[in-house]
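Okay, structure first, notes after.
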């Protein structure tokens, strides 16, 4: 199943993968912010795999926290995006991006 073929619940708040419901990314995210957050999420997940092999418990906690922060920014964790005002939603992803950029700056293009 490709990303575009994911089943959505009728209310549009959840995706269903293998019968399990997962919170959908905030559809109100600007595409540039969503792309940056997905980049951070991918890099943090890769760091988890690396640190699991070669790192300390403290390093593992730090990279797992980065995964959580990226998912929070995407709206997949924390207060559900549909319960937040537009200003709260923007603050959520803006703050997450600022923190992630400070922890793991994006590589120059």
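The values are calculated or read from the model by the stated rules, or taken from the named source; none is laboratory data. Quick caveat, the model's predicted, so the values are computed rather than measured. Cβ: placed from backbone, ideal geometry, glycine included. Neighbour counts: every protein chain shown.
Things to note:
- Only one entry in 53, 61 is assigned to a helix (DSSP H, G or I), modelled with pLDDT under 95 and farther than 20 Å from residue 106 by Cα, namely 53.
- Restricting attention to the stretch 12-26, the residues that are assigned to a loop (DSSP other than H, G, I, E, B) and without any contact (Cβ under 8 Å) to a residue 40 or more places away in the chain total 3.
- From the options 47, 70, residue that is assigned to a helix (DSSP H, G or I) and within 28 Å of residue 12 (Cβ to Cβ): 70
- Tallying residues that are out of contact with any helix residue (DSSP H, G or I) (no Cβ under 7 Å at 6 or more places or on another chain) and either surrounded by fewer than 11 Cβ atoms within 10 Å (Cβ to Cβ) or touching a residue at least 12 places away in the same chain (Cβ under 8 Å) (or both) within the stretch 51-61 yields 5.
- Residue 23 vs. criteria surrounded by 15 or more Cβ atoms within 10 Å (Cβ to Cβ) and in contact with a strand residue (DSSP E or B) (Cβ under 8 Å, 6 or more places away or on another chain): yes
- Test: residue in the stretch 65-79 that is without any contact (Cβ under 8 Å) to a residue 40 or more places away in the chain and exposed (fewer than 13 other Cβ atoms within 10 Å of the Cβ): yes
- Here 41, 37, 29 are screened, and the one residue that is surrounded by 15 or more Cβ atoms within 10 Å (Cβ to Cβ), within 11 Å of the chain's Cα centre (by Cα) and within 21 Å of residue 84 (Cα to Cα) is 37.
- Of all residues in the stretch 1-28, none satisfies the criterion of being at pLDDT below 90 and under 24 Å from residue 91 (Cβ atoms).
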